[in-house]
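The next block holds one structure in the form of C-alpha cells; read it before the comments.
The values are calculated or read from the model by the stated rules, or taken from the named source; none is laboratory data. Just so you know, these numbers come straight off a predicted model, no measurement behind them. So basically every Cβ, Gly included, is an ideal-geometry build from the backbone, and we count neighbours across all protein chains shown. With ligands, DNA and RNA removed, areas are computed over all heavy atoms of the protein, side chains included. Shrake-Rupley method; radii C 1.70, N 1.55, O 1.52, S 1.80 Å.
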Amino acid sequence: MTADPNTPTAAANAMWGGRFAAGPDAIMQAINASIGFDKRLYAQDIAGSRAHAAMLAATGILSDTDAKAIGEGLLTVLSEIETGVFPFRVDLEDIHMNVEARLKEVIGAPAGRLHTARSRNDQVAVDFRLWVRDQCDAAISGIQALISAFLAQAEAGADWVMPGFTHLQTAQPVTWGHHMMAYVEMLGRDLSRFRDARARMNECPLGAAALAGTSFPIDRFMTAAALGFDRPTANSLDSVSDRDFALEFLSASSICALHLSRFAEELVIWSSAQFRFVVLSDRWTTGSSIMPQKKNPDAAELLRAKMGRILGATVALFTVMKGLPLTYSKDMQEDKEQVFDAADTLMLGLAAMTGMVGDMTANRASIAAAAASGFSTATDLADWLVRELGLPFRDAHHITGTLVAMAEQQGCDLPDLTLEQMQSVHDGIRHDVFAVLGVENSVRSRTSYGGTAPDQVRAQIRRWKDILDAPRDLSATAAVSM
C-alpha cells in the first residue's frame with residue numbers, strides 16, 4: 001500500500017529521505033518540531049536561500065532558469081507568510097522544511113535543487129546569525145533613544161542639587177544632571193558591547209554545509225556579500241557548531257538589563273511618598289483597587305522583574321552549549337526560544353524605560369531639601385580643613401566627625417552650627433568655612449573631570465550629543481537581487 005503523501009509520517013519521511021521506514025512517534029514529533037518558534041526566522045531563511053540560489057547559478061551549479069524560478073517562488077512564499085496565509089505544518093519540523101516544501105508546491109521540481117551544496121546545519125546557522133544581527137541593530141537604536149531621554153533630563157537639571165548616596169544613605173550632594181549622566185555612561189558601554197558583538201558575528205556560515213564544507217565549486221564570498229556579511233566564516237566545523245554570537249548577544253543584553261533594572265529600582269524608591277524625588281506620569285503608573293490615594297510605579301516594577309528573564313535566558317543557553325562536542329547536536333535547537341524571549345524583553349524594557357525617563361518630572365524642591373540634609377557637606381568641611389589649615393586628612397576627618405556629632409546633639413545640620421561652636425573643636429576654623437558648607441557651593445567645587453559640577457555635567461552632555469550625532473555605518477542585510 002502506498003502511504004498517503006498528506007499524512008505526517010509520509011511528509012516527514014519525504015523530507016528525511018529513504019533512511020527511515022517508520023514515522024516519528026507523536027511525542028517525538030512534539031519534542032523534535034521547532035516550527036512553533038523558529039518560524040520567526042522566515043525572512044532570514046528566505047534571504048539566505050535566495051542568496052544561495054543566486055550563487056549556485058553564478059557558479060554554474062544551477063541553471064539560470066531554475067535559479068529564476070526559485071527566486072520568484074521564494075518571494076511568493078515570503079508574501080504568503082507576511083500576509084498570514086502560509087500553511088505552517090508541524091510535521092515538517094522547522095521553518096527551513098516548511099519553506100522548501102511550500103516552494104516545491106509553488107514551482108515544482110526546481111525547488112529540489114535549492115538545497116544543493118548546503119545543509120540545514122549551515123542554513124540554520126546563517127538564519128540565526130542574521131536574526132541576532134538584526135536584534136543587535138534594534139538594541140543599538142533602542143539604547144540610543146534611551147540615552148537621548150537621559151540627556152534631556154540631564155540638560156534640564158544640570159545644576160539642580162540632589163543627594164548622592166552610598167548604602168542608600170546621604171553621602172555628598174551631587175546634581176540631578178550628574179546622576180542622569182551616570183546612566184548615560186552605563187548605556188554607552190552597552191551600546192559599545194552590542195556594536196562589538198555585531199562586528200564579531202558578521203561572518204557568514206553559509207556554505208559550511210553539514211560540517212565539512214562541500215565539493216561543489218561554490219562562492220562563499222558571494223553569498224557573504226549578498227547577505228551583508230564582512231566575510232565567510234573560516235572553519236566549517238566552527239561555523240555550524242558554535243553559538244557564541246548568540247551568547248554574546250545575551251551577555252550584552254543581560255548587562256543592559258541590569259542597568260535598566262537598577263534605574264527602575266531608583267524610580268520605585270524616588271516616586272515613593274517617603275522620597276518624592278520624581279513624579280511618574282499617569283502613562284506609567286496605576287491605582288489601587290481599594291486605596292484611592294495610591295499611584296503605583298507598576299511599569300518600573302514590572303520592568304525590574306522582567307529583566308530577570310534575560311539573565312535566565314543567558315544562563316540557559318550557556319548551560320545548553322557548555323557540554324556539546326563538535327559539531328552540531330540537536331540540543332542546539334534549544335538556542336532560539338531563549339534568545340527570542342530575551343530580545344523581545346530587552347526591546348520592551350528599553351521602550352518602557354525611554355517612555356518613563358522622558359515623562360518623569362523631578363521634584364526640584366524635594367531633591368534640594370534632601371541634598372542639604374544628612375550632613376552631606378561633611379566631606380567638604382574636611383577638605384577645607386586640609387586645604388586651608390594644612391591639617392592631615394585623618395585629623396580633619398576626626399574634627400569633622402566631632403562637629404557632626406555636635407550638630408546631631410543640637411538637632412541641626414553643619415551649616416547651622418555657630419563659628420564659636422566650631423572653634424571649640426578646632427580654634428583655627430574661620431568664618432569662610434561656611435562658604436563650603438552650602439550644597440550649591442559643594443557641587444560647584446567638584447570641578448575635576450567627570451565631577452558633579454554643573455559645568456562638568458554640561459561638558460559631558462555636549463560630548464555625548466556629539467557621539468550620538470557622529471555617523472556610523474550599521475547597514476542591515478543587503479538586498480538579494482536575482
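Scanning the range 437-467 for residues that are loosely packed, with under 14 Cβ neighbours inside 10 Å and basic (K, R) returns R462, R463. When residues in the range 118-145 are screened for being crowded, with 23+ Cβ neighbours inside 10 Å and not in a helix (DSSP H, G or I), 1 of them pass.
Does the range 203-219 include one or more residues that are of a type in the set (F, W, Y) and open to solvent by 20 Å² or more (accessible area, probe 1.4 Å)?
We begin by selecting, within the range 203-219, every residue of a type in the set (F, W, Y); these are 216.
Those left that are additionally open to solvent by 20 Å² or more (accessible area, probe 1.4 Å): 216.
There is at least one residue in the range 203-219 that is of a type in the set (F, W, Y) and open to solvent by 20 Å² or more (accessible area, probe 1.4 Å).
Pairs linking a residue in the range 326-351 that is on the phi > 0 side of the Ramachandran plot to a residue that is modelled with pLDDT of 95 or more, with Cβ atoms under 9 Å and 6 or more positions apart or on different chains, do not occur. In the set T327, T345, only one residue is open to solvent by less than 50 Å² (accessible area, probe 1.4 Å), in a helix (DSSP H, G or I), touching a helix residue (DSSP H, G or I) at 6+ places or on another chain (Cβ under 8 Å) and polar (S, T, N, Q); that residue is T345. Being in contact (Cβ under 8 Å) with a residue 24 or more places away in the chain and touching a strand residue (DSSP E or B) at 6+ places or on another chain (Cβ under 7 Å) is a property that does not hold for V132.
Residues that are within 30 Å of R195 (Cβ to Cβ) and at pLDDT 90 or above: list the helices (runs of 4 or more DSSP H) wholly contained in the range 386-482 that include at least 2 such residues. Reasoning before the result, please.
Details: elements: 393-410, 419-423, 439-445, 454-469.
Output list reads 454-469.
So for the range 369-387 (the condition being over 23 Å from M162 (Cβ atoms), surrounded by 14 or more Cβ atoms within 10 Å (Cβ to Cβ) and either out of contact with any Phe, Trp or Tyr (no Cβ under 6 Å at 6 or more places or on another chain) or touching a residue at least 12 places away in the same chain (Cβ under 8 Å) (or both)), does at least one residue qualify?
Checked the range 369-387: at least one residue is over 23 Å from M162 (Cβ atoms), surrounded by 14 or more Cβ atoms within 10 Å (Cβ to Cβ) and either out of contact with any Phe, Trp or Tyr (no Cβ under 6 Å at 6 or more places or on another chain) or touching a residue at least 12 places away in the same chain (Cβ under 8 Å) (or both).
Residue selection: L227 fails the criterion of being closer than 23 Å to S119 by Cα, surrounded by fewer than 21 Cβ atoms within 10 Å (Cβ to Cβ) and in contact (Cβ under 8 Å) with a residue 24 or more places away in the chain. A search for C-beta distances below 8 Å between a residue of the range 256-272 that is of a type in the set (F, W, Y) and any residue that is assigned to a helix (DSSP H, G or I) and crowded, with 18+ Cβ neighbours inside 10 Å, counting only pairs 6+ apart in sequence or on different chains, returns F263/Y183; F263/M353; F263/V357.
Can you tell me which residues in the range 76-100 are β-branched (V, I, T), open to solvent by less than 10 Å² (accessible area, probe 1.4 Å) and farther than 12 Å from L41 by Cβ? Residue satisfying the conditions is V77 alone. Being within 32 Å of the chain's Cα centre (by Cα), of a type outside the set (A, V, I, L, M) and surrounded by fewer than 15 Cβ atoms within 10 Å (Cβ to Cβ) holds for only one residue in G48, G36, G60, and it is G36. Inspect all residues belonging to the range 418-430 and state whether any of them is open to solvent by less than 20 Å² (accessible area, probe 1.4 Å) and under 25 Å from W160 (Cα atoms). No, that holds for no residue.
Assess whether S373 counts as being within 30 Å of D134 (Cα to Cα), among the hydroxyl-bearing types (S, T, Y) and modelled with pLDDT under 90.
no
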